[in-house]
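The values are calculated or read from the model by the stated rules, or taken from the named source; none is laboratory data. Treat the numbers as computed from the prediction; the structure is a model and nothing was measured. Heads up, the Cβs are rebuilt from the backbone with ideal geometry, glycines too, and the neighbour counts pull from every protein chain shown. Accessible surface areas use protein heavy atoms only, side chains included; no ligands, DNA or RNA. Shrake-Rupley method; radii C 1.70, N 1.55, O 1.52, S 1.80 Å.
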Amino acid sequence: MRCSDARTFFSQVAGKSISTQISPADLNYLSTSGYVTVMQKGDYDQAQADVATLAQMNQNLQNEMMADRVARDALGQDEKKTHSILFHLKSGEERQAELQKVQQDSQELLKDETEITATDSRIKQLILQKSTIDRMVAYYDQYVSLTGLGVIALGDLNIRNYRVMDNEFPNFIAEMKNTMAELRTIADQASSYESGLKKNVFQKVPQADFTQLWNVAVGLAKLQGDPNQIAQRFLLALDVLHHFKSTGDNKIMAAEIMTSLRPTNNSSFSTDNNSDLQSLSQSLKGLDDQLRHHAHVPKQLAAGVAATIMYGRRFDGSFPTDRFIEFSKMTKSFESAAILSVLNVPTDQLAARFQSYRNMFSTWGFRQSEDTELASAYLSISGLGPDDVRTKLSIVVDGMRSYLEYPLVAAAILTSIPTLEANELLDLAERAYSLLATIAPGLERSELLSLSVRMIHGVKNELVKKLDPTANLANTPIQFTHAPISPFFLWHAPLIIVHGSYYSTFSGIGGVHPPHVHGYGGGGFGG
């Protein structure tokens, strides 16, 4: 059964007008899997007859309950009499008769209450049955209706129909389960990292806050390998950054990048493979010095920018510092220049695309800021042009305004995923948000949404790549959005996501509008 067939059938069942016929095997699959309820005509007619008695049964129940209250009050009065002084003045035969009456009345009352409970239970069953048959629609010699699971499946199909309509419905359901399982695994592992790293991170970086801790926890959770070995590697990387002059959040950023850079001869994490950290730290120190003295990158930001550039190491072992210097002449945002520099695309092509996004945001009414520069850089390395994403980006931006007052950068991250449309991206963000809200109750809504974007970027890319091998997936090693940083300035600056990880950074431009500071409440995700 294809997804398009399942969607059509579900929609017609929900609309109570079926014009499409599916095979008995497909109907049986939908029924046994819990997506539809199927009732034979005879059972439906009987259910209709049973439900027809509901009003009378309910009236009878009210009468019985009233009579029960009267009987209980009378029994209470009789029981009270058996404890009075006058009761003890009566003859033994009279006392015995009254006690026997009280006992009989108690038994009758108990019997009546048992019948009332049974009737009440039956009425509740009939109400549920009425709800079912009210939703049912005739389908040849049977009646069918959507279950709660079927309603959810229809919603998922409506959102994803553009890319799954020709897929088999069971495969689609498996994909949805796999996606949620992967998000849940990341959330659970992030919670474990947050708990395990909390003490050490705050000792090594006293100015760090819980949002930064969750940032790195989610990033580490997306790495493949033994969690204990990954955590140890991260802490060792943080140690070698101790003498760098950058802010704590940039040290955390650089440490996570170093953690993700595994030795080339081994793709797994182990304590034996941490010997390369010293070499990485020497490379990072050299880049840090070069960027500060020759590219005029502030020392507070240098470690983060250097780590980003180190992540873009070329096959010949050199680093794209020359490209960084070129791009830093085009933008005052050092983070944006670093992002642009690591993508191996001709500089003039990337610069033209970057400028086209700046122009688009300007026509939208945005003043140049760290937000517009980062959003432009991120969309530029996605390989998509403004005409490709204009409508999609506007939908995602509007959908995030309920949580973020300035959602441009986070929206750019989601928009850059080429194989997913706006509504599906917002739906995935909402699912990730719900998972994170249960494990990180102390974070603000805007912080949770930023982490949600971080979680889903890269997760869905891999699944879609398996489903659609013809999709033009962009190679996007650099990702970013916003998060709070240490109070070096009076504002909180944007953050960069490298290798699927978010990092807060030192801003090179004024006019920053990060969602962490300006997030506010509102409705659910739009689209």
Point to revise | Length-normalised contact order for the stretch 1-155 - Cα pairs under 8 Å, 6+ apart - percent | key: 47 percent
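Ranked highest first by the average count of other Cβ atoms within 10 Å around their residues, in what order do 29-39, 411-421, 122-132 fall? All intermediate terms of the calculation are to be shown ahead of the outcome.
Details: 29-39: 17.9, 411-421: 24.2, 122-132: 13.9.
Sorting 29-39, 411-421, 122-132 by mean packing, highest first, produces 411-421, 29-39, 122-132.
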Point to revise | FRET efficiency for GLU79 and GLU113, using Cβ-Cβ distance with R0 set to 22 Å, rounded to 0.05 | key: 0.85
Check your understanding: the stretch 223-247 to the stretch 87-107: how many Å between their Cα centroids?
Key -> 84 Å
Point to revise | Virtual spin-label span in nm between ASN200 and THR20, 7 Å along Cα→Cβ | key: 5.3 nm
Check your understanding: Considering only protein heavy atoms and a 1.4 Å probe, what is the carbon-and-sulfur percentage of the accessible area of the stretch 104-158?
Key -> 56 percent
Practice item. Please compute the net charge surrounding ILE123, taking Lys and Arg as +1 and Asp and Glu as -1 over other residues with Cβ under 14 Å from its Cβ. Key: -1
Revision key, fill the gap. In the neighbourhood of GLY442 defined by beta carbon distances under 15 Å, the net charge of the other residues (Lys, Arg +1; Asp, Glu -1) is -2
**Study point:** ARG2 long-range amide H proximity, modeled H, under 5 Å
**Key:** PHE169
Check your understanding: For VAL36, which sequence-distant residues (separation of 5 or more, or a different chain) have an amide H within less than 5 Å of its own amide H, given hydrogens modelled in the peptide plane?
Key -> SER31, THR147
Exercise for review: Output ³J(HN,Hα) for the stretch 403-408: one whole-Hz value per residue in order, computed from phi by the Karplus curve 6.51 cos²θ - 1.76 cosθ + 1.60 with θ = phi - 60°, and x for Gly and Pro.
Suggested key: 10, 10, 6, 10, x, 4
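By average Cβ neighbour count within 10 Å, what is the ranking of 147-159, 301-313, 103-115, 390-402 from highest down?
301-313, 390-402, 147-159, 103-115
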Revision key, fill the gap. HN-Hα couplings for the stretch 121-126 via Karplus (6.51, -1.76, 1.60; θ = phi - 60°), in whole Hz with x for Gly/Pro, come out as 5, 5, 4, 4, 4, 5
**Study point:** Å² of accessible area per residue within the stretch 279-426, as computed with a 1.4 Å probe and no ligands counted
**Key:** 38 Å²
Exercise for review: Tabulate in residue order the Karplus-calculated ³J(HN,Hα) for the stretch 39-44, using 6.51 cos²θ - 1.76 cosθ + 1.60 with θ = phi - 60°, rounded to whole Hz; enter x for Gly and Pro.
Suggested key: 9, 5, 4, x, 5, 5
Revision key, fill the gap. Summed over the other residues with a beta carbon less than 15 angstrom from that of HIS293, with K and R at +1 and D and E at -1, the charge totals +2
Check your understanding: In the stretch 169-242, what percent of the accessible surface is made up of carbon and sulfur (1.4 Å probe, ligands and nucleic acids excluded)?
Key -> 48 percent
Practice item. Show me 3-10, 183-190, 78-85 ranked by packing, highest mean number of other Cβ atoms within 10 Å first. Key: 3-10, 183-190, 78-85
Check your understanding: Once fully extended, how much extra length lies between GLN56 and LYS41, figured as 0.36 nm per residue of separation less the alpha-carbon to alpha-carbon distance?
Key -> 3.0 nm
Point to revise | Simple label model, 7 Å out from Cα along Cβ direction - ASP239 to GLN125, nm | key: 6.8 nm
